[in-house]
Amino acid sequence: MHCPVSEKTLLLIQVGTPPDDIRAQVGDLPLWFSAALAAGPALQVVRVFEGEPLPPHEAHSAAIITGSWAMVTDLLPWSEATAQWIREAMALEFPLFGVCYGHQLMAHALGGRVDYHPQGREMGCLDINLLPGAEDEALLAGAGPQFKANLTHMQTVLELPPGARVLARSAHDPHQVVRYGPKAVSTQFHPEFSQAIAAACIQLRAQVLHSEGFDPDAMLRQLAQTPVPQQMLQRFVAAYALESAATAAEPRAVQADTSLTV
């Protein structure tokens, strides 16, 4: 949903839109994120892939960068402009959460290397494994050593940016959750996907999946609830956007730093 920026809102940087068949079934990306965030804060959507300009960072409390049907390696002008905005955000310690394309774009913007995965597509509701030390990650508290997440991607982060830390991997991809700084994190998987969204993506690609050796019917049967990824997104928003909204009307006195580092 679009809303006026009368107070600091959560920014959704939309970097693509689903094919018509998927939108007809489950809607567009802002609806997916709004549903995943449930009673979240006000959300402003900027469709950068259509040329909408990114706002100044100070206009918002945090930003989520969505997935896309484009490829980071195409170096599209709107994508490279968003990469520059990401670099500026990192210099300001502005809170960022990247998803799939957003995950790859953050890595690319900060000096990592993105390209097609050498083993091809990763898709389905799959196991994500936490790496040693990830149990200290606030966004993943209580996740356990393994959890399910929905994935669909061809490109991947092949080399991390300097200083980035991997928190989780899958059997196919070693960079499923990456932290870039105290307020910047990204996921290769899709925390905003419901089972219906994941099913629509699999059904649309059924013929291609067959040709690549996948079993779309089995992939559909394996779909399940993915509470840990959704909780990651909700915790990020609670740490920054909700806290900002709750304190916006308070006196601007000097306060102790009680923000959650996630």
Residues whose placed amide H lies under 5 Å from that of Leu158, excluding near-sequence neighbours: Arg113, Val114, Asp115
Most mobile listed residue (Leu110, Leu92, Leu139) in the chain, GNM with C-alpha springs under 10 Å: Leu92
Neighbour-count ranking [beta-carbon atoms within 10 angstrom, fewest first] of His190, His108: His108, His190
Gap separating the Cα centres of segment 33-66 and segment 151-169, nearest whole Å: 23
Interchain or long-range residues, amide H under 5 Å from Thr9's placed H: Ser61
Neighbourhood net charge (11 Å Cβ-Cβ; Lys/Arg +1, Asp/Glu -1) for Gln188: -1
Expected 222 nm ellipticity per residue - DSSP helices of 4 or more, -39500 (n - 2.57), all of the chain, to 500: -8500 deg cm²/dmol
Rounded to whole Hz, the Karplus (6.51, -1.76, 1.60) HN-Hα couplings of segment 155-160, x for glycine and proline: 8, 7, 7, 7, 9, 6
log10 of Debye I(q)/I(0), alpha-carbon scatterers only, for segment 9-245 at 0.07, 0.08, 0.11, 0.15 Å⁻¹: -0.20, -0.26, -0.50, -1.00
Placed amide H near Leu131: partners under 5 Å, 5+ positions off or other chain: Ala168, Arg169
Between 0 and 90°, nearest 10: helix 195-204 axis offset from the chain longest Cα axis: 50
Rounded FRET efficiency, nearest 0.05, which uses the C-beta distance separating Glu80 from Asp127 and R0 of 35 Å: 0.55
Estimated vicinal HN-Hα couplings, Hz - segment 68-85 in sequence order (Karplus 6.51, -1.76, 1.60; Gly, Pro = x): 7, 9, 8, 10, 4, 5, 6, 6, 4, x, 5, 6, 5, 5, 5, 4, 5, 4
For Leu223, net neighbour charge (Lys/Arg +1, Asp/Glu -1) across residues whose Cβ lies under 12 Å away: +1
For the chain, share of DSSP beta bridges that run antiparallel, in % to the nearest 5: 55
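Could you list Glu122, Glu80, Glu93 so that the one with the fewest beta carbons within 10 Å of its beta carbon is first and the one with the most is last?
Ordered from fewest to most neighbouring Cβ atoms within 10 Å, Glu122, Glu80, Glu93 come out as Glu93, Glu80, Glu122.
Readers should treat all values here as calculations from the given coordinates under stated rules, not as data from a laboratory. All values reported here derive from a predicted model rather than from experimental measurement. Cβ: placed from backbone, ideal geometry, glycine included. Neighbour counts: every protein chain shown.
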